[in-house]
Amino acid sequence: MHLVLIGAHPDDEALVSGTIAKYVDQGHRATIVMATRGGRGHWKTPSEKLKEIRTMEMEKAAEILGAEVIFLDYKDADIPGGDSLREELVDVVRQLKPDIVLTFHPLVWRDDHRRIGLAAVDASLKASLPLVETSYPYHRPSPDIYFFGRPITPLKPDIYVDITGYMDVKIEAFRQHSSQWVKWEVDKSGMSMEDLLEQYTHRFRQYGIESGVKYAEAFISKHGRKKAYDLLPSTR
Ligand SMILES: [Zn+2]
């Protein structure tokens, strides 16, 4: 099977990288599609330089996870909403033919994340319609979709993936995004890299506690298809 993550910025995959590593380890294929190269994700590094750095970081992280990576080259913090993004993602889905799509829940707070999530779910359906003609043939059935991120409404995860054996590789991939570690001059929180790693680890331990395993990643499934519960190696 083919799992495709559709995200906005290099490091977005860190929310679900254990699932990617586990899936690859089980003999499946994984592709990470990033809409931007993260050219505005720093307080001082010039945008073009930052894009280069974060492209490299993303490629290293993907290699550690065993995934391929594709960039769409939208502008960070300016991903367009609406039809143009959806049309591009229709062709992405048609080219990659995913069985599973992981993407942001369309109700998360940040606009880039929200737009990519909504466009990904709409494109996944539209890509399956034979009479929607683009450069690529239609892809059926449309992939099962699992959302990640924290919605602004109090929606609880309903799918957990046990990533207990994959925390080391997950952390190693996360460490590659070092441009994002000490980011903002205005951030006076005093958090060290080790503090951030502890916080990162704790988050997935918390999901593990919620689902009865050591470490887990959490998803909200797209309802409406019974099969939505079958494709991820979830704890239920
Ligand atoms: Zn992001």
For region 193-210, 3J(HN,Hα) per residue [Karplus equation, 6.51 cos²θ - 1.76 cosθ + 1.60, θ = phi - 60°, Hz, x = Gly/Pro]:
4, 5, 4, 5, 5, 5, 5, 4, 4, 4, 4, 7, 5, 4, 4, x, 4, 5
Starting from the Cα gyration tensor of the chain, multiply each eigenvalue by 5, take the square root, and state the resulting semi-axes largest first in whole Å.
26, 23, 16
Round to the nearest 0.05 the FRET efficiency obtained for ALA77 and LEU131 when R0 = 30 Å and r is the Cβ-Cβ distance.
0.25
Going by C-beta contacts inside 10 Å, put THR164, THR55 in order with the fewest on the left.
THR164, THR55
Tabulate in residue order the Karplus-calculated ³J(HN,Hα) for region 17-31, using 6.51 cos²θ - 1.76 cosθ + 1.60 with θ = phi - 60°, rounded to whole Hz; enter x for Gly and Pro.
5, x, 5, 4, 4, 5, 4, 5, 4, 7, x, 9, 9, 9, 10
Structure-based [θ]222 nm, the chain - -39500 (n - 2.57) summed over DSSP H runs of at least 4, per residue, nearest 500
-12000 deg cm²/dmol
For TYR138, distant residues with modelled amide H under 5 Å away
none
With every atom except the alpha carbons ignored, what do you get for Rg and Dmax of region 49-110, in angstroms?
13.5, 35
Take every DSSP beta bridge whose two residues both sit in the chain, then give the antiparallel share in percent to the nearest 5.
30 percent
Kirkwood Rh over alpha-carbon pairs of region 24-70 plugged into Stokes-Einstein at 20 °C, 1.002 mPa s gives a D in µm²/s of 186 µm²/s
Scan around ALA30 for amide H atoms under 5 Å from its own, H built in the peptide plane at 1.01 Å from N, and keep only partners 5 or more places away or cross-chain.
LEU3, GLU68
Residue-wise HN-Hα coupling along region 45-54, computed from phi with Karplus coefficients 6.51, -1.76, 1.60 (Hz; x: Gly, Pro)
5, x, 4, 5, 5, 4, 4, 4, 4, 6
What span do the alpha-carbon atoms of region 60-166 cover on each of the three principal axes, reported in whole Å from largest to smallest?
42, 29, 29
Among LEU155, LEU50, LEU72, rank each residue by its count of other Cβ atoms within 10 Å, from fewest to most, as a rough exposure measure.
LEU155, LEU72, LEU50
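Read-outs throughout are calculated quantities, based only on the coordinates presented, and are distinct from any laboratory measurement. Given the structure is predicted, the values throughout are model-derived calculations rather than measurements. Virtual Cβ from ideal backbone geometry, glycine too; neighbours counted across all protein chains shown.
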